[in-house]
Every structure is written in structure tokens, then in C-alpha cells.
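Worksheet for the structure shown next.
The values are calculated or read from the model by the stated rules, or taken from the named source; none is laboratory data. These figures come from a predicted structure and were not determined experimentally. Cβ placement follows ideal geometry from the backbone for every residue including glycine, while neighbour counts extend to all protein chains displayed. The protein model used for the area step is the full one, side chains on, heavy atoms only, and it has no ligands, DNA or RNA in it. Shrake-Rupley method; radii C 1.70, N 1.55, O 1.52, S 1.80 Å.
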Amino acid sequence: MRASVDVNKVHQRFGERVQFFQVYLREAHPTDGWKMKNSKIKDPLTQLERNLVASQCGKQLKYKFPTIVDTMKDATAVRWAAWPERIFVIDVNGKIAYAGHQGPWGFWPTNRFKRSGRMKLKGDSLEAFLEKTLHETSKDKNVEP
Amino acid sequence: MRLIALGGCTIVVAAAFTCLAVQGAEAKPKPDPAPPTRTDDFAGKTVKDRATGLKLIDARRKNVPKVGEMAPDFELKTSDGKQSVKLSSFRGKQPVVLIFGSFT
């Protein structure tokens with residue numbers, strides 16, 4: 001939940017120039033699986049159930065960008081090695097411009113946010129990457145970042 | 001003598017059965033099992049426990065798309081089921097940020 005505040009902050013800064021999507025995957029800690037203390041959700045068994053949970057998630061985290069939902073065969077999670085959570089940026093040419101570290105410990109939306117001080121993350125947070133990339137683009141076009 | 005003959009016959013019959021069994025086995029070799037596709041082992045299943053979760057992460061680690069590669073395309077529906085989003089439709093238009101995750 002804490003991460004959603006930082007994700008929203010990045011979206012607020014760059015959302016007009018970059019399209020954001022939440023890609024909803026299989027539950028990491030359902031009550032009927034790898035349960036944690038604060039687990040409250042059973043793993044959805046149908047696409048409709050997963051869609052409903054995904055909608056609730058987007059609303060509760062106050063995301064102002066669309067949520068799209070992976071299939072029940074987890075095809076996208078497999079192909080992108082994205083489970084349980086991860087951040088990617090795709091450039092206008094369709095290439096991977098930024099591949100975030102594996103979550104949860106590597107989920108790094110802003111420089112301020114780090115799940116654990118124990119993990120020394122190399123590279124940039126999402127926010128730092130977008131700052132560098134879009135600021136350079138803005139400079140070229142004489143547009144204020 | 002009869003006992004010796006009977007014993008000899010038994011041995012011959014047993015040997016004949018053994019030969020037939022060996023020939024049968026040689027005639028129908030068992031096909032090699034297909035190598036397991038590790039990234040598919042966990043697809044479509046609830047993550048049962050910590051060990052499974054860690055195995056899943058490890059198995060898929062090798063698949064991770066790298067910077068500079070073409071992004072694997074997908075077409076997924078929005079959570080309300082009303083719209084379909086195809087990643088490649090943004091080419092030439094706008095960069096895209098993908099936040100992968102779940103509620104838990």
C-alpha cells in the first residue's frame with residue numbers, strides 16, 4: 001500500500017507524457033495459499049473474480065490510470081517474469097527502456113521509496129529514470145520538464 | 001528321470017518367456033520424456049507457500065525482458081472487461097509504464 005503513494009506521485013509528474021498501466025497478476029499472498037498476516041483475499045479462480053479484485057485494488061490504491069488484467073493462465077506474468085511485482089518502461093519504438101528489479105524488495109518507484117534498506121539497488125528508480133529521459137527530451141525541444 | 005526332464009522343460013520355458021519379454025521391450029522403447037518447461041510449471045496455479053513462490057521467481061528470472069529488446073506484446077482486457085489494450089498499439093505514439101503486481 002505504501003508503494004502506491006509513490007507510484008501515484010510518479011504518475012502525477014509524468015502521466016501526461018507517458019501512458020501508465022497497472023497490470024494485475026496472480027495474487028502473491030492469498031489466504032488459501034502463501035498466506036501472510038495481513039492476507040485477506042482468496043486467490044481468484046476465474047477471470048471474472050480476478051477482474052473484480054483488480055478493480056477494487058485500483059480503486060483502493062487510488063490509481064488514476066487503467067488496470068489491465070492478466071489471463072488465468074498467467075501468460076503475461078510468465079513472459080515478463082513480472083510476478084510478484086515489477087516495473088517496466090517501453091519507449092515509443094516498442095523497446096524496453098527500463099527494467100526494474102524483481103519485486104517486492106526491488107520494487108522501486110521513487111528514490112525515496114525502498115522496501116528494505118538491506119537491499120542495495122543498482123540503477124535508477126522509475127522516477128529518476130523518467131526524470132533523466134524526459135528531461136533530456138524536453139531540453140531538446142526547449143520544453144520545460 | 002521324469003523329474004529331471006520336467007525341471008529341464010521348466011528351465012527352457014522360463015528362458016523362452018524371458019527372451020520374449022526382452023524382445024518385447026526392445027521392440028517398444030520408451031520415448032524420452034519431454035524436458036520440463038520450467039516457466040510453465042507454476043502458470044495457472046495458486047502459489048501455495050514460500051518455497052513455491054521462490055521457485056517461481058527463480059524459474060522465471062531467466063525470461064526477464066532486457067533493456068534494448070523489443071517488448072513482448074500482449075493484449076489484455078481492462079478490469080471492467082470493456083476495453084482491450086494491445087501493447088504494440090502504442091508504438092510510434094507514446095512511451096508506456098507497466099506496473100505489474102497484485103493486491104496482496
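Conditions first: (1) in contact (Cβ under 8 Å) with a residue 24 or more places away in the chain; (2) more than 7 Å from chain B (Cβ to nearest Cβ); (3) surrounded by fewer than 22 Cβ atoms within 10 Å (Cβ to Cβ); (4) not hydroxyl-bearing (S, T, Y). A:M72 passes all but one, so which condition is the exception?
Single failed check for A:M72: (2).
crowded, with 20+ Cβ neighbours inside 10 Å and more than 8 Å from chain B (Cβ to nearest Cβ) - does that describe any residue in the range A:86-100?
yes
Might you check whether a residue that is part of a loop (DSSP other than H, G, I, E, B), at the interface with chain B (Cβ under 8 Å from one of its Cβ atoms) and modelled with pLDDT of 95 or more occurs anywhere in the range A:44-64?
no
Step by step: first the residues of the range A:94-107, then only those that are within 18 Å of A:F21 (Cβ to Cβ) and not β-branched (V, I, T), then the one that is modelled with the lowest pLDDT. Which residue is that?
Step by step, filter the range A:94-107, then rank; the result is A:G103.
Under 6 Å between Cβ atoms, at least 6 apart or on separate chains: pull out the pairs that start in the range B:80-104 with a residue that is at the interface with chain A (Cβ under 7 Å from one of its Cβ atoms) and under 18 Å from A:H11 (Cα atoms) and end on any residue that is in a strand (DSSP E or B) and among the aliphatic types (A, V, I, L, M).
Taking only residues 6 or more apart or on different chains, the pairs are B:F90/B:V96; B:V96/A:I90; B:V97/A:V89; B:L98/A:V23; B:I99/A:I87; B:F100/A:V23.
Just checking, how many residues over the range A:1-49 are open to solvent by 10 Å² or more (accessible area, probe 1.4 Å) and over 19 Å from the mean Cα position of the chain (by Cα)?
The total comes to 17.
How many residues are part of a loop (DSSP other than H, G, I, E, B) and either crowded, with 23+ Cβ neighbours inside 10 Å or among the β-branched types (V, I, T) (or both) when one looks only at the range A:75-85?
Counting residues in the range A:75-85 that are part of a loop (DSSP other than H, G, I, E, B) and either crowded, with 23+ Cβ neighbours inside 10 Å or among the β-branched types (V, I, T) (or both) gives 3.
If you go through the range B:41-61 one residue at a time, how many are surrounded by fewer than 16 Cβ atoms within 10 Å (Cβ to Cβ), at the interface with chain A (Cβ under 8 Å from one of its Cβ atoms) and part of a loop (DSSP other than H, G, I, E, B)?
Qualifying residue count for the region: 3.
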